[in-house]
Amino acid sequence: MAKRATKDAVLDTYAFFNALWVFYQENRGIIRNNYKQLSKKFIDYNDPETNPKAFLRQPQFEALEIYVFLKEYLNNAKIEVIFKDWYEHSGRFANRIEKGMADQLTGQIGIFEGVTQEQYKAIFAAMRKNSRLYANYIFALTMGVGKTILMATCIFYEFILANKWPKDTRYCHNALVFAPDKTVLRSLREIETFDLALVVPPEYVNFLTTNIKFHYLEETGTSLDTLDKSKFNIIVSNNQKIILKRKNIQPSATDRFYGLQKETFKLGDVYSELEELIETELPSVEDLTTNQRFEKLTRLEQLGIYIDEAHHAFGKALAKDMGIGAKESDNSLRTTVDMLAKRLELAGTKVVACYNYTGTPYVGKDVLPEVVYAYGLQEAIKNAYLKKVDLHGYRNTKSIEFLKETIDHFLIETEGLRPEGILPKLAIFGTTIDEVRNELKPELEKILSEKGISSSRILINLGDNETTNDDLREFNHLDTIESEKQFILLVNKGREGWNCRSLFGVAMFRAPKSKIFVLQATMRCLRAIGDIQYTGQVYLSDENMQILNDELQQNFRITAEELQKVGKDKETVKVKVNKQPKITLQRVRKTYNLKEKQLVEGTEIGLKKDNKEAWHELTKNYHMLKITQHGLAEGGISSQLATKTEDLTYKREKLHYSSIMLIAEIARYLNKNPLEIECILELTKEKTVGILNAINEFNELLYDVVIPNLFKLLYDTDETIQTEEYEVELVKLPPNGYYTFTAQADKIVRDTDLLAKNYKDKSFHLDTYCFDSKPEQQLFWDLLQEERVREVYFTGMLTHGQSDFYIQYIDPDSGIIRSYYPDFIFQKDDGSYVIVEVKADHMIDDRVVQAKAQFTQEIASASDMTYEIIKGSDALNREYRKLL
């Protein structure tokens with residue numbers, strides 16, 4: 001088998017699954033010798049190297065290999081037991097050698113070559129803390145790779161082996177498949193309709209077809225009709241259809257007399273150990289009753305539990321569903337599985353294992369400890385398992401303008417396209433049902449009407465209870481040749497389970513309440529279709545573009561730039577902390593008191609309409625721009641990639657103000673009598689007519705220039721400043737001993753480099769600095785060798801919670817408080833500090849850059865420091881002495 005493509009370099013923290021993969025690769029022959037012959041046959045049938053017609057994709061096959069490896073070679077051991085044996089070179093890992101760990105995956109998992117005792121204890125403790133009664137494994141494959149087919153293949157494998165060796169407790173006789181919601185639950189019907197012959201050796205297809213029994217618990221009233229102790233059942237449900245319920249109906253006197261009430265857990269009986277699993281917010285253990293489905297499941301032997309699309313939840317929600325944390329409620333998926341495992345154990349059988357199929361191995365900053373295999377988004381696009389992607393960010397647009405441009409561009413990009421004979425679709429996401437019904441639908445109908453496109457091309461899905469049966473039927477048949485629906489208006493259908501391969505575009509203007517929804521929804525259009533790799537079009541407002549990039553990093557530990565460049569020119573380094581320097585800053589608090597003043601007649605309000613250059617400078621941020629970018633780039637839009645900018649200001653829809661409207665709006669903001677405002681406007685140099693002409697050309701001037709400047713002309717403000725001293729650490733200690741960064745190899749500087757060795761005491765609070773640009777790197781070397789500099793630290797790489805050295809500022813575009821991390825801080829020979837930011841020449845006057853500078857200068861001034869921005873060209877040309 002060919003060596004696997006390099007894994008995502010960012011899968012690092014507690015990434016024991018990387019070590020397992022390397023061990024398996026290095027010892028595949030020895031491991032296979034321990035397999036049953038049937039397991040070997042099943043694997044070989046799906047191996048693309050031994051079977052040219054193998055159906056599974058490479059990541060699916062690799063996950064299947066690990067699945068069989070865990071079962072046949074490691075006997076379904078818990079993950080903490082596997083890790084302990086691996087670390088101690090005991091059990092199945094007795095002959096494990098350390099070499100090759102970094103060789104196989106280009107050094108990306110070097111942490112495990114020399115795990116210290118402290119690191120081992122920390123990793124083992126995380127695994128042990130999350131240990132269950134059963135083995136719990138997580139297969140993290142990114143969306144669109146084929147987790148459902150992989151899960152079905154694993155279940156088929158289990159049943160074939162269980163039939164051959166019925167007394168071997170390693171194999172599942174029955175399978176319970178959990179789905180997070182109805183959308184995913186319905187998509188799991190693919191398990192039943194899937195052609196078994198694609199993944200199962202021909203001689204076993206008839207056995208499975210004859211013996212497998214499917215049970216779908218889609219509706220609340222559906223009962224589970226499995227036979228007690230029967231085999232080869234596949235029960236598909238969500239946890240709400242299985243979970244233990246609170247007892248909220250008191251039994252009647254007759255029921256109590258004849259004992260007809262449902263079974264209830266009693267304290268002190270054989271189920272009393274379950275009390276540990278019940279949260280204190282429940283009234284008592286006695287109030288839990290088992291529903292019919294739960295009881296039926298406890299009468300099935302050798303149950304395997306499969307959780308599909310476990311990544312419908314992220315962060316804390318995902319942590320709870322995976323069993324992390326002490327707080328679990330009665331509707332927790334993991335609590336349901338735990339209770340079911342306990343009941344089966346008491347009945348003399350067991351949950352063989354729980355297999356979770358998720359799109360991300362991460363919860364916050366950490367890898368889920370039970371991850372045994374991972375395949376990232378970057379690899380999936382690189383290997384054409386997903387579409388490529390073009391991002392279109394729209395700045396300074398209104399909803400209708402955004403929608404018009406999105407439709408125009410999408411129709412051009414998909415003109416004539418019919419992959420597999422299917423019409424390409426565009427999903428337009430609204431944040432609320434009212435927004436879709438009352439705003440998006442009428443606007444879309446108007447736009448299509450102007451283009452001569454029938455409104456019958458529109459399909460609306462607002463959720464099962466808000467959508468007609470006909471529309472639901474159409475929605476479920478979008479991937480068919482017959483479907484002529486093209487524009488899909490949605491609310492909350494961006495989550496997992498909607499597998500529309502013909503979706504070629506996603507549009508989202510307003511930011512949803514849940515930031516992760518932006519990632520979930522926009523990734524919907526990346527599912528592959530046809531024989532070639534197409535490109536999905538993602539249309540986002542500037543705010544959603546930034547959210548998308550942030551969520552990519554938080555949930556996949558990748559930057560958008562890495563997705564574009566596939567890491568060819570990047571190197572991943574593990575950075576350790578050498579020292580923790582601290583600096584003292586002053587927190588600045590301001591209080592303002594207003595004093596009213598008289599407006600002098602003829603005073604300019606600041607519109608500068610009569611000066612062409614000044615007018616252009618004033619209005620440049622109000623031009624409607626379309627930036628088209630091919631591929632994903634860090635920060636949303638990158639000048640390093642091929643981009644095209646168009647000025648679409650002439651297409652803007654503007655409100656035409658009358659003098660009455662203008663006066664009323666200004667009076668509302670300044671809280672003054674409209675008649676008084678009318679007189680004030682006539683006193684200005686521009687007068688009411690001039691102001692109207694300006695704001696009717698750019699409506700934004702009213703709120704950004706006219707009202708603020710009038711306020712300044714009418715009031716003086718007395719400012720009171722209070723300062724508070726506080727100490728910050730330039731770097732925090734990493735929880736596992738190192739931080740991981742990815743940078744171009746020629747922009748990495750280590751304290752062991754020949755030139756750097758002589759200045760180690762003068763800098764290097766980290767053992768490795770990863771620079772973003774050549775100007776940063778050049779400035780660092782110049783400051784390091786400058787005699788008038790006592791200490792210099794590069795802090796610009798610590799932007800994800802690794803440092804307390806940041807400045808809070810107000811984003812001028814969104815009005816949101818954000819955090820800014822300067823590039824450098826250095827101490828001069830006189831003991832004073834200088835904070836430095838290196839910026840590209842064209843970004844010096846950017847509004848956000850200037851906002852950062854304003855707030856940082858205030859903090860620096862109050863702290864007896866200075867703040868300087870240096871142009872990239874000056875840093876590159878070694879013109880840095882002005883900083884001193």
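Details
- Residues of the range 295-331 satisfying the condition of being of a type in the set (D, E, K, R), at pLDDT 50 or above, closer than 21 Å to TYR137 by Cβ and not in a helix (DSSP H, G or I): GLU301, ASP308, GLU309
- Some residue of the range 728-745 being free of Cβ contacts under 8 Å to residues at least 24 places away in the same chain and of a type outside the set (A, V, I, L, M, F, W, C): no
- Members of the range 840-854 that are open to solvent by less than 40 Å² (accessible area, probe 1.4 Å), under 17 Å from GLY796 (Cα atoms) and within 29 Å of the chain's Cα centre (by Cα): VAL848, VAL849
- Among (1) assigned to a helix (DSSP H, G or I); (2) free of Cβ contacts under 8 Å to residues at least 60 places away in the same chain; (3) surrounded by fewer than 16 Cβ atoms within 10 Å (Cβ to Cβ), the one test that GLY463 misses: (1)
- Extreme residue, nearest to LEU552 (Cα to Cα), among residues of the range 116-171 that are of a type in the set (Val, Ile, Thr) and open to solvent by 30 Å² or more (accessible area, probe 1.4 Å): THR116
- When residues of the range 606-637 are limited to those that are open to solvent by 50 Å² or more (accessible area, probe 1.4 Å) and at pLDDT below 75, the one nearest to ASN549 (Cα to Cα): GLU634
- So ILE721, is it at pLDDT 85 or above and outside any loop (DSSP other than H, G, I, E, B): no
- Selection over the range 10-69 of residues that are under 24 Å from VAL352 (Cβ atoms), assigned to a loop (DSSP other than H, G, I, E, B) and touching a residue at least 60 places away in the same chain (Cβ under 8 Å) gives a count of 2.
- Taking the range 332-400 as the region of interest, the strands (runs of 3 or more DSSP E) fully inside it that hold 1 or more residues being β-branched (Val, Ile, Thr) and touching an Asp or Glu at 6+ places or on another chain (Cβ under 9 Å) are 351-358.
- Residues of the range 471-521 classified as among the acidic types (Asp, Glu) and in contact with a helix residue (DSSP H, G or I) (Cβ under 9 Å, 6 or more places away or on another chain), total: 3
- Taking the range 638-689 as the range and being at pLDDT 90 or above and among the aromatic types (Phe, Trp, Tyr) as the test, only TYR657 passes.
The values are calculated or read from the model by the stated rules, or taken from the named source; none is laboratory data. Predicted model only: the values in this text are computed from it and were never measured. FYI the Cβ positions are ideal-geometry reconstructions off the backbone, even for glycines, and counts take in every protein chain you see. Please note that ligands, DNA and RNA were not included when accessible areas were found on the heavy atoms of the full protein model with its side chains. Shrake-Rupley method; radii C 1.70, N 1.55, O 1.52, S 1.80 Å.
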